[in-house]
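In what follows, a structure is listed as structure tokens, so that the remarks can point back to it.
The values are calculated or read from the model by the stated rules, or taken from the named source; none is laboratory data. Every value quoted in this text rests on a predicted model; they were computed, and no experiment measured them. Cβ coordinates were reconstructed from backbone atoms using ideal geometry, including for glycine residues, and neighbour counts include every protein chain displayed.
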Amino acid sequence: MDEEAPGAWHEIVRDVLKRHQVKLVTYVPDNVLRPLIDAVHGDSFFTAFSCAREEEAVGIVSGAWMGGLRGIVLMQTSGFATLPNAIASLAVPFQIPVLMMVSERGTLGEFNIGQSLVARTMRPVLQALAVEHHTMTRLDEVEFIVDRSITQAVATQAPCVFILSPLLTGGKVFAK
């Protein structure tokens, strides 16, 4: 980013992905991630498409890495619950720097118990798998965390997870 005022979180993420040549974006649709999904669909630099399941998206990004293309997987918290096997049996042992961005649900007024359970277990699972992960809560930290983490993931050939806190994104808006 320039010395100008930072843009919205999703614009910053889009720009950092471009800077790092992360051209493939796979995702399972999510309303919180919608601004980023729309931003990458609106930019011809990216190839972006929806997957049926999160582990499918991880498999596609892993295969793309083996073919010389960088990618990222976008999902919400509950979708992460399907991934420990794919991370532990594919990304970690084969040293694939799968980038994953998770919109955090299950906190700050969440009504869905499934989201809450995964939110409480996601970080301990990532820790157990020795997967680098960072929770972004403020706009002023987004560029630094995403930029440096992509650099590290590629250099160390290890997966990395970006967790987008509702403090950053505004979270899911619930009907009253």
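Is it the case that the range 48-64 has a residue that's in contact with a helix residue (DSSP H, G or I) (Cβ under 8 Å, 6 or more places away or on another chain), closer than 24 Å to Q115 by Cβ and loosely packed, with under 14 Cβ neighbours inside 10 Å? No, the range 48-64 contains no residue that is in contact with a helix residue (DSSP H, G or I) (Cβ under 8 Å, 6 or more places away or on another chain), closer than 24 Å to Q115 by Cβ and loosely packed, with under 14 Cβ neighbours inside 10 Å.
How many residues does the range 38-59 contain that are touching a strand residue (DSSP E or B) at 6+ places or on another chain (Cβ under 7 Å), over 21 Å from H133 (Cβ atoms) and aliphatic (A, V, I, L, M)? Residues in the range 38-59 being touching a strand residue (DSSP E or B) at 6+ places or on another chain (Cβ under 7 Å), over 21 Å from H133 (Cβ atoms) and aliphatic (A, V, I, L, M): 2 in total.
Of all residues in the range 88-141, exactly one satisfies the criterion of being of a type in the set (A, V, I, L, M), exposed (fewer than 12 other Cβ atoms within 10 Å of the Cβ) and under 17 Å from the mean Cα position of the chain (by Cα), namely A130.
For the range 14-84, list the helices (runs of 4 or more DSSP H) that sit wholly inside it and hold at least 2 residues that are of a type outside the set (S, T, N, Q) and closer than 19 Å to I150 by Cβ; which are they? Working first, answer last.
On the way: elements: 34-41, 54-66, 77-80.
Once the helices (runs of 4 or more DSSP H) in the range 14-84 are filtered for at least 2 residues that are of a type outside the set (S, T, N, Q) and closer than 19 Å to I150 by Cβ, what remains is 34-41, 54-66.
Residues in the range 142-175 that are at pLDDT below 95 and surrounded by fewer than 19 Cβ atoms within 10 Å (Cβ to Cβ) were compared, and the one that is farthest from the chain's Cα centre (by Cα) is A175.
Do we find a residue being within 21 Å of M136 (Cα to Cα) and touching a residue at least 60 places away in the same chain (Cβ under 8 Å) anywhere in the range 69-79?
Narrowing the range 69-79 to residues within 21 Å of M136 (Cα to Cα): 71-79.
Those left that are additionally touching a residue at least 60 places away in the same chain (Cβ under 8 Å): none.
There is no residue in the range 69-79 that is within 21 Å of M136 (Cα to Cα) and touching a residue at least 60 places away in the same chain (Cβ under 8 Å).
Among the candidates Q95, Q115, the residue that is assigned to a loop (DSSP other than H, G, I, E, B) and either farther than 25 Å from F49 by Cα or not β-branched (V, I, T) (or both) is uniquely Q95.
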